[in-house]
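Novice: Provided herewith is a single structure, encoded as structure tokens, for subsequent inquiry.
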């Protein structure tokens, strides 16, 4: 279904009479404007909360993966001392006046955006839902929950898996004895952003595959035939959206490949469901 049909479709009751007056294009724009305003307001409110809670935001959340007592390091060390590792001692520096303040604002915004993702998607769903028929709404039931779950799962994977391994590897990497790692606060925050937000977005792959399969654009046979090509593209994308180190690209490329395999299963299940509802013609 195109976005035009969503915006212009008129809903009807069982008696055939329209339930509500058909809205014009600018009426829909006005409704969309308020959905956007409420979403932006939620981001700003949460950003202010994170900005005020400076100690929690930085000492606990942002700087957590660079501390030796981070849960990932403790978990791996508890498994076996042979695989135990800890991050290097990194003293982050700033070089410009006011840099820490602007980074503080930037981090607060990103955290506000991440935490408010379910609400933002819910507002988007409220805008789209009135243009769908009952059976269409039922077919995508729970979409807000599943999208939010996969997004936070990707964020958690980037934060608890990719970040600790990458910080340890990049923080200890050296080209010679004449160099010393003294990263800036800005570079550390940028890397943490790349570890988490792109991963959360990439983890939405099964949802995208579900919708493409439902409308017939994507088939399980196509995905199976071009599996090798897809794996190459996945690791190329991982190389683009992550820092330029092989370990991080492998850490993000491998779960995305598994998500691709899951997407094949989801599309195949949707195909079986579509065949089951096709009416049988009678001669």
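Novice: Residue check: is residue 268 part of a helix (DSSP H, G or I), out of contact with any strand residue (DSSP E or B) (no Cβ under 8 Å at 6 or more places or on another chain) and farther than 28 Å from residue 148 by Cα?
Specialist: no
Novice: Go through the residues of the range 164-184 one by one and say whether even a single one is exposed (fewer than 13 other Cβ atoms within 10 Å of the Cβ), within 19 Å of residue 63 (Cα to Cα) and out of contact with any helix residue (DSSP H, G or I) (no Cβ under 9 Å at 6 or more places or on another chain).
Specialist: Yes, that holds for at least one residue.
Novice: Condition test on residue 120, is it over 29 Å from residue 250 (Cα atoms) and either at pLDDT 95 or above or crowded, with 18+ Cβ neighbours inside 10 Å (or both)?
Specialist: When the stated conditions are applied, residue 120 passes them.
Novice: Any idea how many residues of the range 217-229 are touching a residue at least 24 places away in the same chain (Cβ under 8 Å) and either closer than 26 Å to residue 100 by Cβ or surrounded by fewer than 19 Cβ atoms within 10 Å (Cβ to Cβ) (or both)?
Specialist: The number of residues fulfilling the criteria is 3.
Novice: Just to be sure I understand the filter: pairs with C-beta atoms under 7 Å, separated by 6 or more residues or on different chains, first member in the range 249-264 and touching a residue at least 60 places away in the same chain (Cβ under 8 Å) and at negative phi, second member surrounded by 20 or more Cβ atoms within 10 Å (Cβ to Cβ) and outside any helix (DSSP H, G or I). Which pairs pass?
Specialist: Listed pairs, sorted by first residue: 252/242.
Novice: What helices (runs of 4 or more DSSP H) completely inside the range 104-218 contain at least 3 residues that are under 24 Å from residue 73 (Cβ atoms)?
Specialist: Correct list: 143-157, 163-172, 185-202.
The values are calculated or read from the model by the stated rules, or taken from the named source; none is laboratory data. These figures come from a predicted structure and were not determined experimentally. Reconstructed Cβ throughout: ideal geometry from the backbone, glycine too, with neighbour counts over all protein chains shown.
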